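Here's the structure we're looking at; comments come further down.
The values are calculated or read from the model by the stated rules, or taken from the named source; none is laboratory data. Quick caveat: nothing in here was measured; it's all calculated off a predicted structure. Here the Cβ positions follow ideal geometry from the backbone for every residue, glycine too, while neighbour counts run over all protein chains shown.
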Amino acid sequence: MDERSHADETAARAGVTRRRFLGLAAGTALAGGFSVAKATVEIPVPPDKGFMAGHGSTGAQYAPTPKQVVVPATINGVIPRVAWTKTGPAKATHPMDGVSLLTFHHDGDPGGYYATSYWETAAYLERIREYHVQHAFEDIGYHYAIDRAGRVWELRSVAYRGEHVRNGYDANHVLHKWNDHNVGVVVLGNFMLQAPTEAQKAKICSFGQVLRKRYRLEIAQVKVHQELVTTECPGVQMRPYMDLVRKQALI
C-alpha cells in the first residue's frame with residue numbers, strides 16, 4: 001500500500017476526512033518552525049502513560065504555580081495522534097490545569113532506536129503505548145515525541161496531566177508530584193548508547209521555543225528528567241546538549 005492509501009485508511013478509521021487528516025499532518029516533514037493553529041477547539045481525550053526510567057529523587061526545586069493561560073488547541077506542524085494509533089486512552093485521567101514545567105526525555109529502549117521512516121516511527125510509538133498500558137499506565141505517558149528525522153508527534157493530549165516523571169522527595173523530605181502541570185517531550189532514542197540526530201537537536205530548540213512561548217515559561221522552567229528525580233534519562237549524549245541550549249538561550 002502506498003503512503004497516500006495508508007493515510008486514507010488511517011484517517012478513515014479515526015472518522016476524519018482525507019482533507020482534514022492532511023490538514024492536521026501538513027508540514028510535518030519540514031524541519032523549520034511551528035505556528036499555533038487558530039482552528040477549532042480540541043475535544044479533550046483522556047491521557048496516556050509512558051516510559052519511566054530510574055529510581056530515587058534529587059533535591060530539585062519544585063515547580064512554580066502554573067500560569068492559567070488560555071491557549072489554542074493545536075500546533076501546526078505536529079503530527080496528530082490519529083496518524084499513529086486508532087486506540088483511545090485506556091483510562092480517564094486528571095486535567096493538566098495549567099503548565100509550569102517542560103521536561104525532556106529519551107525513550108531509553110535498551111536496544112536504542114535508529115529508524116527515520118514515518119511508518120516505522122508510527123509503529124514504534126504504538127509499541128510504546130502498548131508497553132505503558134501493559135504496565136498499568138493510563139496511556140502513553142508523554143505529550144509529544146521528536147523522532148529521528150526531526151518530526152514532532154502528538155502523543156497524549158496536553159489537556160491532561162502526563163505520566164512521565166515519578167513522584168519524588170526533595171532534600172527536605174517534601175513530596176513533589178512532578179507530573180502536575182508538566183509537559184513531557186520524549187526524544188526518540190537511547191542516549192546512553194547513541195546520540196541525538198542533528199534534526200532532533202534542531203527540533204528540540206525550535207519546538208521548545210514554541211512550547212515556551214505557548215505556556216509563557218522561563219528557561220529555568222525547561223528541565224530534563226534527571227533534574228527532577230534520579231535517573232539516567234535523558235542520557236549522557238543528550239544532557240550536555242540540553243545544558244548548552246539552555247545556557248545559550250537557544251530554546
(request) Please work out if Tyr118 is more than 16 Å from the chain's Cα centre (by Cα) and touching a residue at least 12 places away in the same chain (Cβ under 8 Å). (result) yes
(request) Tally the residues that are part of a loop (DSSP other than H, G, I, E, B), buried (at least 16 other Cβ atoms within 10 Å of the Cβ) and among the hydroxyl-bearing types (Ser, Thr, Tyr), restricting the search to region 116-142. (result) 1
(message) Can you find, within region 70-99, the residue that is surrounded by the most Cβ atoms within 10 Å (Cβ to Cβ) among those that are at pLDDT 90 or above, part of a loop (DSSP other than H, G, I, E, B) and touching a helix residue (DSSP H, G or I) at 6+ places or on another chain (Cβ under 6 Å)?
(response) Trp84
(request) Only residues that are farther than 17 Å from Ala145 by Cβ, of a type in the set (D, E, K, R) and over 14 Å from the mean Cα position of the chain (by Cα): list them for region 178-213, please. (result) Asp180, Glu198, Lys213
(request) Restricting attention to strands (runs of 3 or more DSSP E) lying wholly within region 143-251, give those where 3 or more residues are closer than 26 Å to Glu126 by Cβ and modelled with pLDDT of 95 or more. (result) 144-146, 152-154, 182-187
(request) Answer yes or no as to whether Gly235 is under 17 Å from Asp147 (Cα atoms), among the small types (Gly, Ala, Ser), more than 15 Å from the chain's Cα centre (by Cα) and buried (at least 17 other Cβ atoms within 10 Å of the Cβ). (result) yes
